[in-house]
1. Mind listing whichever residues of region 1-59 are buried (at least 18 other Cβ atoms within 10 Å of the Cβ), in a strand (DSSP E or B) and of a type in the set (Ser, Thr, Tyr)?
2. For region 117-207, list the helices (runs of 4 or more DSSP H) that sit wholly inside it and hold at least 3 residues that are in contact with a His (Cβ under 8 Å, 6 or more places away or on another chain); which are they?
3. Yes or no: region 376-387 includes at least one residue that is over 17 Å from residue 239 (Cα atoms), modelled with pLDDT of 95 or more, assigned by TED's automatic domain parsing to the domain that holds residue 10 and more than 15 Å from the chain's Cα centre (by Cα).
4. Looking at region 275-283, can you tell me whether even one residue there is surrounded by fewer than 17 Cβ atoms within 10 Å (Cβ to Cβ) and of a type in the set (A, V, I, L, M, F, W, C)?
5. When region 321-365 is examined, which residues are found to be buried (at least 18 other Cβ atoms within 10 Å of the Cβ), farther than 15 Å from residue 118 by Cα, in contact with an Asp or Glu (Cβ under 8 Å, 6 or more places away or on another chain) and not hydroxyl-bearing (Ser, Thr, Tyr)?
6. Among the numbered criteria (1) within 29 Å of residue 370 (Cα to Cα); (2) free of Cβ contacts under 8 Å to residues at least 40 places away in the same chain; (3) within 15 Å of the ligand (Cβ to nearest atom), which single criterion is violated by residue 137?
7. Could you tell me how many of the residues in region 141-167 are open to solvent by 10 Å² or more (accessible area, probe 1.4 Å) and closer than 30 Å to residue 371 by Cα?
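The values are calculated or read from the model by the stated rules, or taken from the named source; none is laboratory data. All figures in this text were calculated on a predicted structure; none of them were measured in a lab. Cβ coordinates were reconstructed from backbone atoms using ideal geometry, including for glycine residues, and neighbour counts include every protein chain displayed. Accessible surface is based on the protein model in full, side chains and every heavy atom, while ligands, DNA and RNA are left aside. Shrake-Rupley method; radii C 1.70, N 1.55, O 1.52, S 1.80 Å.
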Amino acid sequence: MGEYHIRGGNQLYGQLRINGGKNAILPILASVMLNGSESVIHNCPKISDTLISIQILESIGCKTKMEGATLIVDSSTLNSWEVPADLVREMRSSIIFLGGLLGRCKRVKISYPGGCELGARPIDLHLKALRLLGADIVEKHGFILCSADKRLTGACIHLDFPSVGATENIMLTAALADGETVITNAAREPEIQDLQVFLNTMGAQISGAGTGSIVIRGVKKLHDAEHTVMPDRIVAGTFLAAAAITGGKIELTNIVPEHLYPITAKLSETGCALRMERNSVYLEAPSRLRPIETLRTSPHPGFPTDMQPQFMSLLSVANGVSVINETVFESRNKHVAELKRMGADIILSSDGLTSVVKGTPKLNGAIVESKDLRGGAALILAGLAAEGSTVVMNSKHVERGYEQIEESLKAIGADITFRKL
Ligand code: EPZ
């Protein structure tokens with residue numbers, strides 16, 4: 001745990017390479033136990049969520065070895081179907097291990113992940129889907145006990161909401177089930193496509209990822225696999241926003257252009273000039289950002305909720321009024337109060353979902369507290385643009401999804417240091 005100390009005012013210039021994606025590697029690590037043999041995963045991001053996932057794999061008997069950014073997992077030695085409750089508490093997205101363990105062991109015990117900083121984070125869609133695949137699920141004493149004494153069988157599953165996690169859990173469970181599973185109203189995020197690529201490399205038969213309909217034809221067995229994790233589109237968007245808020249210029253390499261379109265389209269609306277190449281993007285910021293009349297978050301390919309806090313920082317210094325509608329997570333606006341401590345002029349609706357952001361020429365440095373991963377990133381961006389010094393406390397949130405963010409920002413001219421507490 002630590003804090004980021006920032007002196008604002010530097011324009012950021014330079015080039016950064018984007019590493020593997022947090023929301024891509026987590027479901028991939030939850031699926032390595034399906035093949036009962038070896039998986040080699042390249043471009044692993046060194047973030048705390050990856051480290052917790054590795055701890056979970058080791059706790060159920062898998063062998064892991066990290067060589068640079070390559071992780072090698074041998075799941076032939078898997079000897080437990082119980083995910084340690086303390087690790088689930090540390091990382092609620094470990095619910096994705098439900099599908100992997102059910103697919104491999106036909107039974108799972110995992111504690112209820114419960115809510116987090118973003119809201120209640122229910123898993124009703126996950127459980128309803130797994131029941132349709134033939135799982136018996138008992139929820140008691142804060143645990144979920146899943147079993148499938150008969151083989152799991154394919155089903156037609158329509159998701160009430162295109163949940164990323166539920167889509168992933170169904171793919172992992174159905175990969176080794178009997179027959180065909182069709183998911184309609186599936187999540188379309190690029191990380192779902194990356195998961196499909198990895199599972200098919202193992203020998204699964206999955207198609208349609210990236211569209212609203214995914215078809216999984218169950219197979220009897222899966223085998224060794226090797227995969228390179230897709231780059232992190234939210235980390236890329238965050239660094240583009242850092243250049244935008246400081247009036248700088250940046251080039252990012254190792255990106256996938258079409259993953260960034262929902263983000264770059266909105267950066268263009270603020271007056272940034274953008275150029276895309278095959279696997280790089282270049283941004284040049286205007287001297288003063290323009291407001292965005294209405295910014296609304298929605299599932300991919302809509303504007304990602306994971307970039308909403310960062311854009312609120314941007315729009316806090318834009319030349320006009322913007323309205324931001326958060327439609328995905330009911331408690332995703334904890335950064336508003338902290339931005340206001342820096343002089344941002346933001347009015348939040350009583351339900352906490354709509355913000356009216358009146359851009360001010362300058363923010364003032366302050367001591368602020370990150371309450372969640374992307375809110376913490378947003379406060380760092382605000383500090384880069386603010387007059388004077390800013391301290392962003394509670395670095396543990398930011399460390400979940402950004403590899404040494406202070407080193408990357410320093411490399412392109414930011415005056416930022418990390419102080420360990
Ligand atoms: C994934 O979370 C990401 N996390 C989130 O990134 C991301 O914000 C989110 O997808 C949306 O894109 C990972 O991939 C590890 P959802 P997930 O299930 O799967 C409701 C970050 O900052 N819902 O699509 O949990 C839920 O309450 C993180 O990197 C149900 O109602 O998201 C929420 O309102 C934050 N019932 C909405 O769906 C369910 O059973 C979106 O949830 C499941 C979800």
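1. Listed by number, the residues that qualify are 4, 39.
2. It comes to 164-174, 190-201.
3. Yes.
4. yes
5. Matches in region 321-365: 338, 357, 359, 363, 365.
6. Every listed condition holds for residue 137 apart from (1).
7. Adding up the residues that qualify gives 9.
Yes/no matrix, rows are residues, columns are (1) of a type in the set (Gly, Ala, Ser); (2) under 22 Å from the mean Cα position of the chain (by Cα):
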| site | (1), (2) |
| --- | --- |
| 189 | no, yes |
| 201 | no, no |
| 205 | no, no |
| 210 | yes, yes |
| 214 | no, yes |
| 223 | no, no |
| 238 | no, yes |
| 243 | yes, yes |
| 248 | yes, no |
